[in-house]
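Here the structure is laid out as structure tokens; the discussion comes afterwards.
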Amino acid sequence: MEKPILLVSSFLLLLIQFSHQQAPIVETALGNIRGDVLTTRRGRDIYAYRGIHYAKSPTGLRRFAPPVPVEPWNDTLDALADGPICPQGGLTEGLTESEDCLSLNVYTTNVNATEPVIVYIHGGGNIYGNANSEYGASPKYLLDENVVLVGIQFRLGAFGFLSTSTYEASGNYGYLDQVLALKWVQAHIRSFGGDPTRVTILGLSAGGMAVTLHLVSPMSSGLFSGAVVMSGSATHHYDIDNAYWSRKLAHDLGCPRFNTKYLLNCLRQVSWQQIVNVTEGWRTYDLPHIKWNYEIDGTFLLEHPIESIRSNRFHRVPIIAGITYNEFDFSIQAKENDTDLLDDINENFALYAPEFLQLNSTDESKARTIRSFYYNTTDIYKYNLVGFGQMTSDAIIGHGVHRLVELARNFTDVYYYRFDYVGEKSEFPDSLGKPQGACHADDIIYILPRTSFSVENNSTDIFMVDRMVNVIATFAANGKPPVIENITWTPSTADELVVLYNNKYPFISNPFYVDRYAMWDELFPLKESAAKALLPTVVLLMLSASRYLVL
């Protein structure tokens, strides 16, 4: 009797294996790709193709250089697990880090369809973050809609943005990674059931800044048809000095600092762990701040993003842009018991302002104006840190997004929002772990969750998942958001500024933080266009090309 029972058991096991949905092998111009199957929140099968390299390993001479596309392969590529995340400090939740990290994940539910595509550019201040399917950007919400999702890994920190403002080290490597990934999407996404003519790029925080850079970069032309900018925009006042941090890195590692050739030769011999450890040591106060940023290099960027957008030299796609109600309002509370530090900030505010508010170190008068606006003559101390939090929110996030909307709405449809909903979880909880408001990155939880930060099916917040996912998917499909709870979200145009306030009960109303943003507008007015800024884009492109002929 044992033999027949074993045969029946084996047959049943085989039947179960064959009945389980398999991800189809995808044929691309590079080669065949095998994926596996994940599941959405509602139980829908996701075909997941993870860890697909779009560029060669950026090591050796390719460290601190533009990415090089991968070459075709012969055998079927097993894309069954996430690739390593790019080198970074902070908490990486046990994930593998490697310089050979330029990969992407593709999620689809129908490889034979032609669905809109969403490409996610993660945030993290250009030094942290990832697109991992569990710990960075899970597809389990968005793939309940008929979309294709792509999450990309790109170089961070010094690896992505080191620059001496010279030809040998022109920076922007992380953004060039994103461009190459977007080109990969254009070339291959049809094989996964995606429509290359309907690609929406979505970025949060530093990812939102990246999205606005692609809006103005000539290298990103034709690579996307819509943009979602969440809590971050490059249309800001930031004082950017990548060369300073690049030379400081060389100094701290005992490398030559001033001759770029010698500097690069030395830094290319140093392990990535050493570079990460040195730069992590610079995060003295652990407050919001961006050290590594873009360069106007004559190729990826021809001019400041503000000039491009105000002069109608950008890719005029429909845009969703906005912030959360509180952003970094509560970030300073982590220092509320450091009374010596707070007293020193109170006494020497103008000296701390460049680091905390991204100001030029010579802008002491501006620092005094900011201090006076948010505090009048009151001291800064542990019981009134809300003013410090608000100025941080406006400086790092809010005013840049405000300026993007003000400029872009003259030429394209901009759907402006503020996310006001306070759910059960927050990135900035109080001492009891309870949300204090709608803070920075609290909204992405409803679109792209991660294992440690997601909404449970029995949560009272689950309605917001349905709403946010539907907004993003509909915008990706049609270039405009859906009707939300009987509210028609009309775009801001040259004639009218419209704001959607996204709360439990959404509504349309007048602009927010008008006085606060007016102060920043006055401190950082739009400059008169220089002669170069008045030139048409084609001339700027010719200037860009001639720059390298001369060099």
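The values are calculated or read from the model by the stated rules, or taken from the named source; none is laboratory data. Since we're looking at a predicted model, the values are computed, not measured. Cβ sites come from the backbone with ideal geometry, for glycine too, and all protein chains shown count toward neighbours.
Overview of values
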{"item": "Close pairs (6 angstrom Cβ cut-off, 6 or more residues apart or separate chains): hydrophobic (A, V, I, L, M, F, W, C) in region 505-518, surrounded by fewer than 17 Cβ atoms within 10 Å (Cβ to Cβ) anywhere", "result": "none"}
{"item": "Criterion violated by Ala29 - all others in (1) in contact with a Pro (Cβ under 9 Å, 6 or more places away or on another chain); (2) modelled with pLDDT of 95 or more; (3) of a type outside the set (S, T, N, Q); (4) surrounded by 14 or more Cβ atoms within 10 Å (Cβ to Cβ) satisfied", "result": "(4)"}
{"item": "Residue list for region 221-279, restricted to those being aromatic (Phe, Trp, Tyr), out of contact with any Ser or Thr (no Cβ under 8 Å at 6 or more places or on another chain) and assigned to a loop (DSSP other than H, G, I, E, B)", "result": "Tyr238, Phe258"}
{"item": "Out of Val499, Val538, Val550, sole residue that is modelled with pLDDT of 95 or more and among the aliphatic types (A, V, I, L, M)", "result": "Val499"}
{"item": "Strands (runs of 3 or more DSSP E) contained entirely in region 62-168, each with at least 3 residues that are closer than 27 Å to Glu327 by Cβ and out of contact with any Lys or Arg (no Cβ under 6 Å at 6 or more places or on another chain)", "result": "115-121, 148-152"}
{"item": "Within region 434-479, tally of residues that are within 23 Å of Gly129 (Cα to Cα) and among the β-branched types (Val, Ile, Thr)", "result": "8"}
{"item": "Leading residue by the ranking (surrounded by the fewest Cβ atoms within 10 Å (Cβ to Cβ)) among those in region 345-364 that are in contact with a Phe, Trp or Tyr (Cβ under 8 Å, 6 or more places away or on another chain) and over 23 Å from Pro305 (Cβ atoms)", "result": "Asn346"}
{"item": "Where Ala350 falls short, out of the listed (1) in a helix (DSSP H, G or I); (2) of a type in the set (Gly, Ala, Ser); (3) under 20 Å from the mean Cα position of the chain (by Cα)", "result": "(3)"}
{"item": "Extreme residue, farthest from the chain's Cα centre (by Cα), among residues of region 365-398 that are of a type in the set (D, E, K, R) and either in a loop (DSSP other than H, G, I, E, B) or exposed (fewer than 15 other Cβ atoms within 10 Å of the Cβ) (or both)", "result": "Asp379"}
{"item": "Any pair with Cβ under 7 angstrom, 6 or more apart, that starts in region 337-355 at a residue that is in contact (Cβ under 8 Å) with a residue 12 or more places away in the chain and ends at one that is assigned to a helix (DSSP H, G or I) and among the hydroxyl-bearing types (Ser, Thr, Tyr)", "result": "Ile345/Tyr352"}
{"item": "Any hit, region 94-109, residues being closer than 30 Å to Ala476 by Cα and surrounded by fewer than 22 Cβ atoms within 10 Å (Cβ to Cβ)", "result": "yes"}
{"item": "Filter pass, Tyr128 being surrounded by fewer than 22 Cβ atoms within 10 Å (Cβ to Cβ) and touching an Asp or Glu at 6+ places or on another chain (Cβ under 8 Å)", "result": "no"}
{"item": "Subset tally (residues that are assigned to a helix (DSSP H, G or I) and either more than 18 Å from Val117 (Cα to Cα) or of a type outside the set (Phe, Trp, Tyr) (or both)) for region 455-489", "result": "16"}
